[in-house]
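Peer 1: One structure, pasted below without further comment.
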Amino acid sequence: MPFRDVVGHRALTALLREAVTRGTLPPTLLLAGPAGVGKWRVAGAVAEALNCQAPAADGDACGECRACDRIQRDVHVDVLRLTADESGGIKVDVVRDALERCGFRPFEGARRVVLIRDAEGLLEAAQNALLKSLEEPPPATVFVLTSAAPDALLRTVRSRTMRLTFGRLPPADIATVLTRDHDVAAGEAQRLAMLADGSPGAALTLATSTLNESREGAIALLGAAGAGDLAARLAVAKSVVGEKKDERTRQELQAVMRAASALVRDVAALHAGADHRVLANGDVPEVVAALARRLPAPAARKAFATLDRALTALERNAGTKVVTEWVASEL
Ligand SMILES: [Zn+2]
C-alpha cells in the first residue's frame, strides 16, 4: 500500500516519502508505537516506494506496477518480511538467512528491504546477529523494524536505528480503516472506533459479541447513577464485576468502562443537540435517550471524568472490584 493510502500518521509518512525522494532515507529505521496503529503498513509503503517502477512525482509508489504488486503479495524476492513464528519469537536462523541474502545485489528491485515485525520478539542471539548489519548495512539494503515495545530491544540495537514514533489514531481514522479495508459496516465501525483506544488493530480484535457484552455491562454500571443509597450502588458494582467464579477480567472491565465512556459521551452530545446518527451508540437511540434523562449535562461531564480516572487506575493495576465500586458510588 503506498503512503497516500495509509490512514493517519501524515507527518511521518510525508517525512519518509521525502527522504525516499531525496535519497536520504536512513538505512536502519525503527517504527515504534502502539500495537495495531499501522506501523507494519508504513513499513510496507517504504519498501514499495524504494522499489516502485513508476513512482509518483512526490516519491510515493504507484501501487500498481509489477514491483508494487509483488511487494503487496509478499513475493518480491528483494523484500524480506521477518515475523514471529508460532513460538512468538524470531530466531537467529531466520535472521542469519535473511542477512545471507543481503550479501547479494538485489535481484529484481532497486533496493533490498528487510522488514522485521514486532522486533521486540527477536531473540537475543538474533538481535546480536543483526547488530553488525545495522551498523554497516550491506549496500542497497534498508532495514525497517517495527515494535510496540521498543525498549525491550537491546540497547545496542536501539542505538543503531533511527526511531520514528507513531501515535494513536483518532476514532474517525479508525472507522475509515475498518470500513475501507475490513468491510466493517459503518455503524459498527464507529462503535468499535470509540472503544479501540486509538488502534485499528485493537478495534478488529474486539468482536461484536464482546462489544455488546461490554455495552450491557456499561449500561448496568451507569444504572448506578439512578440508584438511591450507597448499598444499592454497591450492588450495581457487584453485578458488573460478576460473581466470584465468573468475575470479569481486568481487560473486560476496561472494555466496560470504555463502553460507559462512549455512552456518556453520546449523552453529552445529545444534550448539546447532536443528531442520533452521529452517536457511537446510534444503533440503540432509546438507551442513550433514557440515559440522557438520568444524567443531565453536568452529571454527564462528571461521569466522564470519573470513568476516565477509573480507566487510568485500572491501567495502573488498581483492584478491579475497588475501582468499580468507586465508580458506582461516584456516578
Ligand atoms: Zn509501483
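Peer 1: Out of the residues in segment 288-317 that are crowded, with 16+ Cβ neighbours inside 10 Å and β-branched (Val, Ile, Thr), which is farthest from Ala218 (Cα to Cα)?
Peer 2: Checked segment 288-317; the qualifying residue farthest from Ala218 (Cα to Cα) is Thr306.
Peer 1: Shifting gears a bit: For segment 70-165, please list each of the strands (runs of 3 or more DSSP E) lying entirely inside it that holds at least 2 residues being under 28 Å from the mean Cα position of the chain (by Cα), modelled with pLDDT of 95 or more and buried (at least 19 other Cβ atoms within 10 Å of the Cβ).
Peer 2: Working: elements: 79-82, 112-116, 141-147, 162-165.
Per the criteria, 79-82, 112-116, 141-147.
Peer 1: Got at least one residue in segment 31-49 being more than 23 Å from Val177 (Cα to Cα) and either part of a strand (DSSP E or B) or touching a residue at least 24 places away in the same chain (Cβ under 8 Å) (or both)?
Peer 2: If we filter segment 31-49 for residues that are more than 23 Å from Val177 (Cα to Cα), which is where we start, we get none.
Looking through segment 31-49, none of the residues is more than 23 Å from Val177 (Cα to Cα) and either part of a strand (DSSP E or B) or touching a residue at least 24 places away in the same chain (Cβ under 8 Å) (or both).
Peer 1: In contact with a His (Cβ under 7 Å, 6 or more places away or on another chain), on the phi < 0 side of the Ramachandran plot and assigned to a helix (DSSP H, G or I): does that describe Leu211?
Peer 2: Numbers: in contact with a His (Cβ under 7 Å, 6 or more places away or on another chain): no; on the phi < 0 side of the Ramachandran plot: yes; assigned to a helix (DSSP H, G or I): yes.
Here the answer is no, as Leu211 does not meet what is asked.
Peer 1: Would you pick out the residues in segment 1-30 that are part of a loop (DSSP other than H, G, I, E, B) and out of contact with any helix residue (DSSP H, G or I) (no Cβ under 9 Å at 6 or more places or on another chain)? Quick ask: steps written out before the conclusion?
Peer 2: Going through segment 1-30, the residues part of a loop (DSSP other than H, G, I, E, B) turn out to be 1-2, 6-9, 23-27.
Of everything in segment 1-30, just one residue is part of a loop (DSSP other than H, G, I, E, B) and out of contact with any helix residue (DSSP H, G or I) (no Cβ under 9 Å at 6 or more places or on another chain), namely Gly23.
Peer 1: Inside segment 43-57, can you point out the residues that are over 29 Å from the mean Cα position of the chain (by Cα), within 11 Å of the ligand (Cβ to nearest atom) and either of a type in the set (A, V, I, L, M, F, W, C) or not assigned by TED's automatic domain parsing to the domain that holds Glu108 (or both)? Break it down into steps so the answer makes sense when it comes.
Peer 2: To start, the set of residues in segment 43-57 that are over 29 Å from the mean Cα position of the chain (by Cα) comprises 53-54, 57.
If we keep only those that are within 11 Å of the ligand (Cβ to nearest atom) as well, we get 53-54.
Listed by number, the list holds a single entry, Ala54.
Peer 1: When you go through Val114, Val75 one by one, which is the residue that is β-branched (Val, Ile, Thr) and touching a Leu at 6+ places or on another chain (Cβ under 8 Å)?
Peer 2: Working: Val75 fails: touching a Leu at 6+ places or on another chain (Cβ under 8 Å).
Selected residue: Val114, the only one of Val114, Val75 that is β-branched (Val, Ile, Thr) and touching a Leu at 6+ places or on another chain (Cβ under 8 Å).
The values are calculated or read from the model by the stated rules, or taken from the named source; none is laboratory data. Note that this is a predicted model, so its numbers are computed, not measured. Note that each Cβ is placed from the backbone with ideal geometry, even for glycine, and that neighbours are counted across all protein chains shown.
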